[in-house]
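One structure is given below, encoded as structure tokens.
The numbers here are math on the coordinates, done by the rules we state, and not lab data. All values reported here derive from a predicted model rather than from experimental measurement. With ideal geometry, Cβ positions are generated from the backbone for all residues, glycine too; neighbour counts draw on all protein chains shown.
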Amino acid sequence: MSRRRHEVRGGRGQPARRSRRRRGFIARAGERGVALTVLAVAGVAIAGVAVAGAISNGGGTSTVRPESVSTPALPTTSPAASAHGPVPLSPTPTATESPSPTPRPTHTATPTPKATPKPTPTPSPTATVAAASSKPAHTGSSSSCPPAAKRVSKAGQLLQHRDALPQVSLITAGPRQGLLGASDAQARTLTLYVRSCSEEPTLELAVVWGYEAGQFIKTEAWDSGTRSRWNQLRGSNFSSSAQFKQDAASVFAFWQTGSTQYWQSPVAPPSYNKLSQLVPYLKVS
């Protein structure tokens with residue numbers, strides 16, 4: 001048998017053994033402590049990010065709670081891996097709710113207004129014929145005013161339907177207080193009280209002539225159907241013969257002169273369309 005070589009160690013005769021270097025319990029515990037500390041710091045960072053996300057979303061209608069982070073189990077590492085420490089976990093992203101979009105107000109279209117049809121122009125009523133005009137149209141001196149006979153002749157030229165005038169005697173007289181004309185059915189006369197040019201223009205004289213001629217319309221002989229039709233066309237509610245006669249005489253003067261400047265009836269003048277429908281009732285006796 002071969003002899004083993006023994007090394008003399010420390011002057012003793014015991015054989016020297018190659019001892020394996022062992023790490024102490026304190027060193028291994030220190031490395032584990034470092035690993036736990038790193039994991040704890042990573043967990044605190046994850047929780048901080050979640051809390052900050054919840055605070056930033058606090059202005060909305062709902063609050064986002066941070067997700068719970070489970071601490072992973074410590075991996076079993078070899079002494080060589082624990083020397084460098086565990087790899088820190090990346091923080092888990094938290095979901096952030098986006099605020100609901102603000103609804104836009106709906107635009108309500110304004111309806112386009114419809115065009116209002118223009119009313120048919122109706123001649124406006126004027127002052128009574130039985131009184132003198134308050135605003136004379138002619139302010140010339142008495143020397144430039146023609147004689148009464150000449151003025152009556154000019155007024156007659158303004159009458160547009162001379163053949164429809166009653167067959168009566170025309171009398172020209174001087175001015176009379178509060179009266180411009182008169183008619184007498186029994187005597188068959190028509191009188192014009194002619195004033196000066198400044199008090200009674202030629203057109204007014206012609207209107208007085210037409211109005212007095214209209215007094216010869218026999219409204220008292222109208223039956224109920226004729227009166228009803230006249231009221232319908234005139235938009236009136238006359239009942240007596242005097243009311244019908246006054247309105248018919250005013251319409252007759254309008255038809256003769258084409259003017260309503262000196263209108264006499266309490267009812268407004270008719271339109272030209274209605275006037276053509278009233279003409280058949282304007283027959284004088």
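Give segment 186-215 a look and list any residue that's surrounded by fewer than 21 Cβ atoms within 10 Å (Cβ to Cβ), of a type in the set (A, V, I, L, M, F, W, C) and under 20 Å from HIS161 (Cβ atoms), or say none.
LEU203
Please go through (1) on the phi < 0 side of the Ramachandran plot; (2) touching a residue at least 24 places away in the same chain (Cβ under 8 Å) for GLY178 and return the number of the only condition it doesn't satisfy.
GLY178 satisfies all of (1) on the phi < 0 side of the Ramachandran plot; (2) touching a residue at least 24 places away in the same chain (Cβ under 8 Å) except (1).
If you take the residues in segment 262-285 that are touching a Leu at 6+ places or on another chain (Cβ under 8 Å) and in a helix (DSSP H, G or I), which one is surrounded by the most Cβ atoms within 10 Å (Cβ to Cβ)?
The selected residue is LEU278.
Please note which strands (runs of 3 or more DSSP E) are completely contained in segment 169-212 and include at least 3 residues that are more than 19 Å from SER153 (Cβ to Cβ).
Strands (runs of 3 or more DSSP E) meeting the threshold: 181-184.
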